[in-house]
Structures are given as structure tokens and as C-alpha cells.
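Below is one structure, written out as C-alpha cells; the observations come after it.
A short reminder: the numbers here are calculations on the coordinates, not readings from a lab. It should be emphasised that the depicted structure is a prediction, and the values quoted were computed from it without experimental measurement. All Cβ positions, glycine included, derive from the backbone under ideal geometry; neighbour counts span all protein chains shown.
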Amino acid sequence: MIGRFPILYIAEADAEDAVLSSGVLAHLVDSLPEAGFTVVGSAASAPLFADTPRLERLLVLEREGRFDWIALWNQVRGTKWGLIVDMRGSDLSGKLRRVKRAVRDKTAQPGLHAVQAAAAVLKLEPHEVPAPRLHVSDQTRAQVEALIPASGGANSEKDRPILAIGPGVEWMGRRWPAERYAKVATKLLADDGPLAGGRLMLVGEEIDRE
């Protein structure tokens, strides 16, 4: 059942970009307690929003071919949306029935941080720009704790800080050279670094290990 103020949020396909703009969705969750949410994402980005409060549907756009968009259209066209927030700037959102629509401008804005660019979709003031934030359920936290324990005894492996690096990108031309990641990680994890004695975690797909 769709909520009395239905919001359709179309997240970026790239997981890293979706994280950077996640504060926009979190802001809507906090500021519109009567809203119910339908979130669209790719196979990579959709799982990030699985624990969103008042989430009514989580739709995965596996690919971005014409027939994939048509399939998505058939899943969302039956609702008159209170608000559509389109972080992809797609044509789809402009063809759906809605009260309001907020669309991300695809035009590059030099000097504007990605988090600020995301907030601009909602026309938020500079002091209102929300930091990236993902909602995490108790069940998800428990699963993470099983993989990465957060606490332990003195000098325990569990107590060592974690430096998480996500080198994956949607386009290979945007990827940082591996030696730069290595240089940054070495400085941060060095004995005199801010994460001295910490562990390195690579976040991404199997290809990112290379």
C-alpha cells in the first residue's frame, strides 16, 4: 500500500554517488514523517536503502536499456506521487503523475562538492546541506558486527580502527591510480598516523581488489 504522501526517490546507479547524495533522502525521512518512500536504484545502489524508514517498495533497475525503463515505468505509473526526487535526471520522472518534482542538474558545476550538488536538488540553504547518511536496521548492524566486531578486549584485533577504501567507479577514467590509494593508506595507517595500527578494508566488487 502506498503512503498518503508518496515519495519516489530515484537514486544514482553508482553506489559511491548514491552514498554522497544519501543525505537528501535522509532529510526527507526526517522532515516528512507522514511520507512513504519508494526507492529506485541499481543492483549496486539499491541495497544501500533497504533499511530506509517507511520504505514501501525498493525497485532495482538491473540495466538501463529502453525495455528496462519501460518495465520500471509500469511499476510506478499507477501512483500520483506527492514528490519525485530524481538524482539521475531521467526522462522517466517527467512523465509520471506528481504534485512536485525535483531533478538533479546533470551539468557539471566546477568547485561544487557532490554533497552540495545533491542538496541543491531540494533547493536547501547552505546551512541546511545534509551530510551523507544511510539508515541501518538492528538486523543489519548485527550482521555487520558478525563480520567486523566493533569491540573487544585490550589490544584486541576488534579494537583496531578500520580504514575503508572504495576504489570502484562507474567509468574507469575516473578511477584513482592504485599507487595513490596506497600512498594515502600508508600515511593514515603508519605508526604516527591518525589510524595507527588500523586495518585496511576494500569496499567494492572483486575487480576492485586489483
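Taking other Cβ within 10 Å of each residue's Cβ, how do W176, W69, W81 sort, fewest first?
Numbers: W176 11, W69 15, W81 20.
By the 10 Å Cβ count, ascending, the order reads W176, W69, W81.
Given the DSSP H assignment, sum -39500 (n - 2.57) over each helix run of at least 4 residues in the chain and divide by its residue total; what's the result at 222 nm in deg cm²/dmol, nearest 500?
Working: 6 runs with 55 residues, N = 210.
Helices in the chain give a 222 nm mean residue ellipticity of -7500 deg cm²/dmol.
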The chain, Gaussian network, Cα under 10 Å: of L72, L20, L112, the residue fluctuating most is L112
Rounded to the nearest 10 degrees, the helix 178-189 long axis (Cα) sits at an angle to the longest Cα principal axis of the chain of 60
In degrees, nearest 10, the alpha-carbon axis of helix 66-76 is tilted away from the dominant principal axis of the alpha carbons of the chain by 70
Computed D for the chain, Stokes-Einstein, Kirkwood radius over alpha-carbon pairs, 37 °C, 0.692 mPa s, to the nearest µm² per second, is 172
Filtered hits (lysines, Cα-Cα < 21 Å from K106, offset >= 8 within chain) -> K95, K123
Label model pair I148, L59: point-to-point distance (7 angstrom along the Cα→beta-carbon line) in nm is 3.2
Taking Cα atoms only, helix 138-147 is inclined relative to the longest principal axis of the chain by an angle, in degrees rounded to 10, of 30
